[in-house]
């Protein structure tokens, strides 16, 4: 079974349970903590992926790390995942939970790439325009890419809009390459 599919199923299960128990925000903060620990600690990731270390030892480590830092529901869920030998997917499950949470709360992640840093006025205009359009909250992730030459590229969900000069140059180069100078138009 693919990693993403496993992570989505387990994340959906804990999300549904957290909605039912009315602890969505608590579990979200737990998942953010788990995700940050996984991304910052290579040894922890290796421990989770190790087939040599028994699940009961991994549960002891998880309890030592997270016992008083995350909710009881999240701790029990980590124990269940570990007993089912799915602990190598904990980081992916946390990431998917956060993604499901953002969809539930109508939060859109907008990726904005530009040749230069965007001013705060333009940033505010973009966010307010998209919040009006989507009727949701916009989380803006900016990145400066000088290879765009000028303009910007923005994407959210499956939508992408490329208004960069580099893209326009590629289109022109392709159009010129398709034009055959050797065929007489007479």
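Based on the inverse mean of 1/r over its pairs of different Cα atoms, what is the Kirkwood hydrodynamic radius of the stretch 3-103, in Å?
Hydrodynamic radius (Kirkwood, Cα only) of the stretch 3-103 equals 13.4 Å.
Out of the DSSP beta bridges found with both residues in the chain, what percent are antiparallel (nearest 5)? Don't skip to the end; give the middle numbers.
Numbers: 8 of 16 bridges.
In the chain, approximately 50 percent of DSSP beta bridges are antiparallel ones.
Run the simple label-point estimate for residue 142 and residue 102 please: 7 Å along Cα→C-beta, distance reported in nm.
For the pair residue 142/residue 102, the computed spacing is 1.8 nm.
For the chain, what is the calculated [θ] at 222 nm in deg cm²/dmol (nearest 500), taking -39500 (n - 2.57) for each run of four or more DSSP H residues and dividing by its residue count?
-19500 deg cm²/dmol
Which length gain, in nm to one decimal place, applies between residue 64 and residue 80 when the Cα-Cα distance is subtracted from 0.36 nm times their residue separation?
Using 0.36 nm per residue and subtracting the Cα-Cα distance, I get 4.2 nm.
If R₀ is 35 angstrom, what is the calculated FRET efficiency for the pair residue 135 and residue 71, using the beta carbon separation as r and rounding to 0.05? Please list the in-between numbers first.
Working: r = 30 Å, r/R0 = 0.87.
Efficiency, rounded to the nearest 0.05: 0.70.
Taking square-rooted eigenvalues a ≥ b ≥ c of the alpha carbon gyration tensor, is the stretch 48-152 rounded, prolate or oblate, where a/c under 1.5 means rounded and, failing that, a/b exceeding b/c means prolate?
Verdict is prolate for the stretch 48-152.
Can you tell me the FRET efficiency between residue 170 and residue 116 if r is taken as the Cβ-Cβ distance and R0 is 30 Å, rounded to the nearest 0.05? Present the calculation step by step, with values, prior to reporting the outcome.
Values: r = 20 Å, r/R0 = 0.66.
Taking R0 as 30 Å, the efficiency between residue 170 and residue 116 is 0.90.
Once the principal axes of the Cα atoms of the stretch 107-178 are found, what is the range along each, listed largest first in whole angstroms?
For the stretch 107-178, the Cα extents along the three principal axes come out at 43, 24, 15 Å.
No lab work stands behind these numbers, since they all come straight from the coordinates. This is a predicted model, so every value here is computed, not measured. Methodologically, a virtual Cβ is constructed for each residue, glycine included, from the backbone with ideal geometry; neighbour enumeration extends over all protein chains shown.
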